[in-house]
Structure formats: structure tokens, C-alpha cells
1. Would you pick out the residues in the range 175-217 that are open to solvent by 60 Å² or more (accessible area, probe 1.4 Å), aromatic (Phe, Trp, Tyr) and modelled with pLDDT of 95 or more?
2. In the range 87-123, which residue that is of a type outside the set (Lys, Arg), open to solvent by 60 Å² or more (accessible area, probe 1.4 Å) and in a helix (DSSP H, G or I) is modelled with the lowest pLDDT?
3. Considering only residues that are of a type in the set (A, V, I, L, M) and in contact (Cβ under 8 Å) with a residue 60 or more places away in the chain, which ones fall in the range 131-168?
4. Against the definition (within 30 Å of Pro260 (Cβ to Cβ) and open to solvent by 80 Å² or more (accessible area, probe 1.4 Å)), how does Arg73 come out, yes or no?
5. Mind counting the residues in the range 218-250 that are surrounded by fewer than 17 Cβ atoms within 10 Å (Cβ to Cβ), outside any helix (DSSP H, G or I) and more than 10 Å from the ligand (Cβ to nearest atom)?
6. Considering only the range 148-161, I want to know if a residue exists there that is more than 8 Å from the ligand (Cβ to nearest atom) and touching a Ser or Thr at 6+ places or on another chain (Cβ under 8 Å).
7. Do you know which residues across the range 146-169 are over 20 Å from Glu106 (Cα atoms) and either open to solvent by less than 10 Å² (accessible area, probe 1.4 Å) or part of a helix (DSSP H, G or I) (or both)?
8. Could you look through the range 54-70, keep only residues that are open to solvent by less than 70 Å² (accessible area, probe 1.4 Å) and in contact (Cβ under 8 Å) with a residue 12 or more places away in the chain, and pick out the one that is farthest from the chain's Cα centre (by Cα)?
Amino acid sequence: DLNTQLQYAVTRYGPGDRLMVVRDVTRLHNLEQMRKDFVANVSHELRTPLTVVVGYVETLLDSEEQMNPRWKRPLQQMQQQSNRMQSLLNDLLLLARLETSDHTSEDENVDVAPMLESIRKDAQSLSGEQRHHISLQIDGNTRLQGVEGELRSAFSNLAFNAVKYTPEQGDIELHWWSDDKGQHLAVKDNGVGIAPQHINRLTERFYRVDSSRSTNTGGTGLGLAIVKHVLLRHQGRLEILSKAGEGSTFICHFPAKRRP
Ligand code: ADP
């Protein structure tokens, strides 16, 4: 059976003796696949009805002069919450795609310089009245083999998190550089920071240091899980350096030499 996945374990017994354990994990593997497909399908199916709801709420809010003023606030709440639901579904769908599809065929030669400049601008508009100082520095080779849309999601998530978790007027630096080890993007902020016991768990789905704060900032709790998966698919890795109360640095590392 081609689908059969086998796990081997070899244990050394006495001199010359060997014990081999073979475990068939096909069922486990299939269950995991079913879970992923289920999440992807549900997210996809929920998007259409939600689009209809969002559309009608928008229409109602547009006809404000004919509307009972008491309805305005509830409608605004409905709009805000349905937008949240939309981002959540989009993130779940993206994550499901990242986990299931094999992407090497979609690889392109991406210039990250214009991408990072537009992400810097988007982060600045997300900051709005909070007036964070957001800088971008680029050194070295900016051409990267990869999937443009995925890289953009990963880098934006890091830049937007820096804004979300840094008090107003804070400093945020985006720094891209290349060296003999590869290419790197550091996103550094001087915001709330993260206590050491949380750092290893941040890339788990829905893991949050402080859920009340994250709900206020409108995140989905999936951002760093997406970053991790995008980097894995590009044979890269995420490094997180942080100190509570002082700020955080998230570094994406892309290796110079990749496995074929
Ligand atoms: P969320 O939607 O909650 O922001 P993420 O997966 O993007 O979800 O991040 C997970 C958690 O990691 C956040 O809830 C927050 O506690 C923490 N975090 C992420 N980025 C930063 C940052 N730049 N500074 C401090 N904490 C952060």
C-alpha cells in the first residue's frame, strides 16, 4: 500500500542483538489530513455567507439619513465583528493551504525591496494617530526565490504586530540584509516585549500572551503560525528575541544554499 506510512525504531539490546519496532501510522496521518481539509473547507464555505452579511451591513450604514439613529451603534458593532470574522477565515484558509500544498512549482524571483517599502507604508497607516516611527533599511541582495503573496503575508504580519504591541510614538525598524549565510529580515520594536516562558509557544495557532489585549488590537492569533509556515516552506526559520517591557525583534532567516 503506497499510502502506508511506517515509523521505525531500532533499539540496541545485548551485544549483537537488535530489536526493530515498526508502527503503521497511516490512520494517524489520514486523520491529520482530514482535520486540515475540514478546516479549509469550513473556512471556504463560511466566506460566502459572511460576504453577504458584510455587504448588507455596509448598505444599511450607507443609508444613515433614513435610519433610526438607535441602530447605528449596533450596526457598527456588526460591521466590526464581521470584519474580524473575515480576517479569521482568511487566515485559517491561508494556513490550511500552507500546510497542505507543495509550493516549489510556484517559486518566483521576488524583489523584496518594493514589497518592504509598501509594507512600511501600510504599517504607518495602521499606526495612524499613534505616530510610530517606522524605518526601513535595506543592505545587499534583495532578490529571493519564493512565493510573493506568502512572503508578503509573513512580513506584514511581523510589521503589523510591531505596531500593535508597541505604545504610541514607539520605534519600529525593518532591516533587510544579506551575507554569506543567506538573507535576513529583522523587525524590531521597543514595545511591550514578551516574557521568556511564552517565546517558544508564540507560533502555535491561537496562542496569545494576553488574550484581552490581542482582542482589542484585532488580531486573529494566527499571525505568527502563518509566519512560521511560510518560512518553513522557504527553508527558512524564525528567530525571536525579546525582553518584557523593553521590546522584541523577530528575525526571518533564509539560507543561502537550499535543498533542491
Ligand atoms: P495576534 O493576532 O494575537 O497578534 P500572532 O500570532 O500574530 O497573533 O501573535 C501571537 C502573540 O504573540 C500575540 O498575541 C502577542 O501576545 C505576541 N506578540 C506578537 N508580536 C509581538 C510583538 N512585536 N511584541 C510583543 N508581543 C508580540
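The values are calculated or read from the model by the stated rules, or taken from the named source; none is laboratory data. Every value quoted in this text rests on a predicted model; they were computed, and no experiment measured them. Neighbour counts are summed over all protein chains in view; Cβ atoms, including those assigned to glycine, are modelled from backbone coordinates with ideal geometry. Remember, those area values only see protein heavy atoms, side chains included, never the ligands or the DNA or RNA. Shrake-Rupley method; radii C 1.70, N 1.55, O 1.52, S 1.80 Å.
1. If the condition is that a residue be open to solvent by 60 Å² or more (accessible area, probe 1.4 Å), aromatic (Phe, Trp, Tyr) and modelled with pLDDT of 95 or more, then Trp177 is the only one that fits.
2. Keep residues of the range 87-123 that are of a type outside the set (Lys, Arg), which gives 87-96, 98-119, 122-123.
Narrowing further to those that are open to solvent by 60 Å² or more (accessible area, probe 1.4 Å): 90, 100, 102, 104-106, 108-109, 114, 117, 122.
Filter once more, so that each one left must be in a helix (DSSP H, G or I): 90, 100, 104-106, 114, 117, 122.
Details: Asn90: 93, Thr100: 78, Thr104: 58, Ser105: 63, Glu106: 79, Pro114: 98, Glu117: 98, Asp122: 97.
Ranking the candidates gives Thr104 first.
3. Taking the range 131-168 as the starting set, the residues that turn out to be of a type in the set (A, V, I, L, M) are 134, 136, 138, 144, 147, 151, 154, 158-159, 162-163.
Passing the criteria: Leu144, Val147, Leu151, Ala154, Leu158, Ala162.
4. On the way: within 30 Å of Pro260 (Cβ to Cβ): no; open to solvent by 80 Å² or more (accessible area, probe 1.4 Å): yes.
Considered against the rule, which asks whether it is within 30 Å of Pro260 (Cβ to Cβ) and open to solvent by 80 Å² or more (accessible area, probe 1.4 Å), Arg73 comes out as no.
5. Here the count works out to 7.
6. Checking the range 148-161: not a single residue is more than 8 Å from the ligand (Cβ to nearest atom) and touching a Ser or Thr at 6+ places or on another chain (Cβ under 8 Å).
7. Hits for the range 146-169 are Ser156, Asn157, Leu158, Ala159, Phe160, Asn161, Ala162, Val163, Lys164, Thr166.
8. As a first pass, look at the range 54-70 and keep what is open to solvent by less than 70 Å² (accessible area, probe 1.4 Å): 54-55, 57, 61, 63, 67-68.
Okay, now just the ones that are also in contact (Cβ under 8 Å) with a residue 12 or more places away in the chain, so 54, 57, 61.
On the way: Val54: 24, Val57: 28, Leu61: 31 Å.
If we take residues in the range 54-70 being open to solvent by less than 70 Å² (accessible area, probe 1.4 Å) and in contact (Cβ under 8 Å) with a residue 12 or more places away in the chain, then Leu61 is farthest from the chain's Cα centre (by Cα).
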